[in-house]
Every structure is written in C-alpha cells, then in structure tokens.
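Read through the structure below, which is laid out as structure tokens, and then see the notes.
The values are calculated or read from the model by the stated rules, or taken from the named source; none is laboratory data. Predicted, not measured: the structure shown is a model, and the values here were computed from it. Cβ coordinates were reconstructed from backbone atoms using ideal geometry, including for glycine residues, and neighbour counts include every protein chain displayed. Side chains are part of the model used for accessible areas, which takes the heavy atoms of the whole protein and leaves out ligands, DNA and RNA. Shrake-Rupley method; radii C 1.70, N 1.55, O 1.52, S 1.80 Å.
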Amino acid sequence: MKREEALAIVRKQLKEQRYIHTLGVMETAVELATLYGADVQQAELAAIFHDYAKFRSKEEMKRIIIEQQMPQDLLMYSPELWHAPVGAYLVQTEVGIQDEHILNAIRYHTSGRPNMTLLEKIVYIADYIEPNRSFPGVDDVRALAKEHIDRALLRALQNTIQFLMEKNEPIYPDTFHTYNDIAKKLK
Ligand code: DGI
Ligand code: FE
Ligand code: FE
Ligand code: FE
C-alpha cells in the first residue's frame, strides 16, 4: 500500500491533532529505519497505522479483546493500553494489511514486549520522540535514538514507568518485562 492511500485511510479514523502526531511518527520512523537499516516501507506503514484504533470506544475495544482472545490481563489495566492490540486487529481486518511484522509493531507500540524486533523498536521510539512531542526527557531520548536504539528504548521505558508511578498509575507487566529485557541486554 502506498503512503498517500494509507494516510487517507487513517486520517478518517483520527482527530486533527492525532493525525499530525501520526505524520510526525511516520517521518521519524522513516529516519530511524534508514539510520538502522530496517525496511523503510514497513516502518512507514506501521507508523501510519500505529494509532488507528485510538478513538474507538472502550466498549468496542473491550469486546474485541474478549472475542479475539487477546491477553485478558489488558482489561485489568488502563484502557489507554487497548488501542495498540485492537489497532493491530482492525488494521488487519478493516484495512487488509497482513504483514505480521507491521501488525506486531502496531500491537506492541504502547507496552513493548521482550525480544522486540528492530521494526517494533523503531515504531515505539518514533511514537515517543516525534517532533510534536514535548515532555521532560524527550530530548535525551531524541539524542540517544541517533546513536543507540536500545539505549533510547531503555530511557523511554524508564521515563514512562517513572511518569506512570508518579501518577500512582498501575504499570502493565509487559512494560516492566520490556524494561527488564533491554536492561539485561545492555549490561
Ligand atoms: O497513543 P499515544 O498517545 O501516541 O502513545 P502510546 O500508545 O505510547 O501510549 C498511550 C498511553 O498509554 C500513555 O498515556 C501512557 C499509557 N501507558 C503506557 N504504558 C502503560 C500505560 N498505562 C498504564 N497504565 N500502564 C502502562 O504500562
Ligand atoms: Fe498509541
Ligand atoms: Fe509510546
Ligand atoms: Fe502514537
């Protein structure tokens, strides 16, 4: 699928600000894929569709998580986590993208997972550092992303876990599992 076609499809699913965020993730994912030698077309498509399900209702997302037998522990954590796996499902069934590498990059873009592929890391980091993002620590991750993607990923996970803990938010176990996996590999 071509970039323009994909963008037209996703644009209908998103509000203006979220579409602008998506364009930033696309641009950043293409840069990272070029830098690290990943498949640029896969990175571009995964980035374009990563937040496809962002504006689906909680009811619809919950129904899909149950019916499609996704990890049921998702339902015990923040609904903010749900658009990632539900997005992968809807991009497959509604848009017709069948590439598992792309679908997994969408599925794991919020929590990460142990043993992430390069493509999954690229979408996770691009989502975190795209030019429209501004939060404490983002510039550190931007700098790290140019040098060493796993160090950037570790820092992004540390920031995310810290930010959630400061808000007394429960942390989804896969977020910790991803942090532990990268932290051990960087030892
Ligand atoms: O969809 P985006 O806003 O572009 O970004 P995202 O998909 O990376 O994250 C969406 C939200 O999910 C964000 O507000 C933080 C939250 N989140 C990420 N990891 C966890 C989490 N929330 C909980 N409760 N637990 C997590 O592990
Ligand atoms: Fe997201
Ligand atoms: Fe993210
Ligand atoms: Fe996003």
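Before moving on, here are some points about what is shown:
- The combined condition, being touching a residue at least 60 places away in the same chain (Cβ under 8 Å) and surrounded by 12 or more Cβ atoms within 10 Å (Cβ to Cβ), is not fulfilled by residue 84.
- None of 182, 102, 125 is in a helix (DSSP H, G or I), over 21 Å from residue 74 (Cβ atoms), among the hydrophobic types (A, V, I, L, M, F, W, C) and within 16 Å of ligand 2 (Cβ to nearest atom) except 125.
- Matching residues, region 2-19, being within 20 Å of residue 134 (Cβ to Cβ) and surrounded by 14 or more Cβ atoms within 10 Å (Cβ to Cβ): 14, 18, 19
- Here residue 151 meets each of (1) over 15 Å from the mean Cα position of the chain (by Cα); (2) within 16 Å of ligand 2 (Cβ to nearest atom) with one exception, condition (2).
- Taking the criterion of being under 21 Å from residue 140 (Cα atoms) and either open to solvent by 70 Å² or more (accessible area, probe 1.4 Å) or at pLDDT below 95 (or both), the residues of region 166-179 that qualify are 166, 176.
- Matching option when the condition is within 19 Å of residue 96 (Cβ to Cβ) and away from ligand 1 (no atom under 16 Å from the Cβ), among 4, 59: 4
- Verdict on residue 111 being out of contact with any Pro (no Cβ under 7 Å at 6 or more places or on another chain) and within 12 Å of ligand 1 (Cβ to nearest atom): yes
- Of the candidates 54, 58, 62, the single residue that is charged (D, E, K, R) and over 21 Å from residue 17 (Cβ atoms) is 62.
- Tallying residues that are part of a helix (DSSP H, G or I) and crowded, with 21+ Cβ neighbours inside 10 Å within region 105-122 yields 7.
- Residue list for region 32-56, restricted to those being open to solvent by 40 Å² or more (accessible area, probe 1.4 Å), without any contact (Cβ under 8 Å) to a residue 60 or more places away in the chain and charged (D, E, K, R): 54, 56
- Some residue of region 84-94 being in a loop (DSSP other than H, G, I, E, B), under 30 Å from residue 67 (Cβ atoms) and in contact with a Phe, Trp or Tyr (Cβ under 8 Å, 6 or more places away or on another chain): no
- Put simply, of 144, 164 the only residue that is free of Cβ contacts under 8 Å to residues at least 24 places away in the same chain, among the aliphatic types (A, V, I, L, M) and within 16 Å of ligand 2 (Cβ to nearest atom) is 164.
- The sole residue among 135, 163 that is surrounded by fewer than 15 Cβ atoms within 10 Å (Cβ to Cβ) and outside any helix (DSSP H, G or I) is 135.
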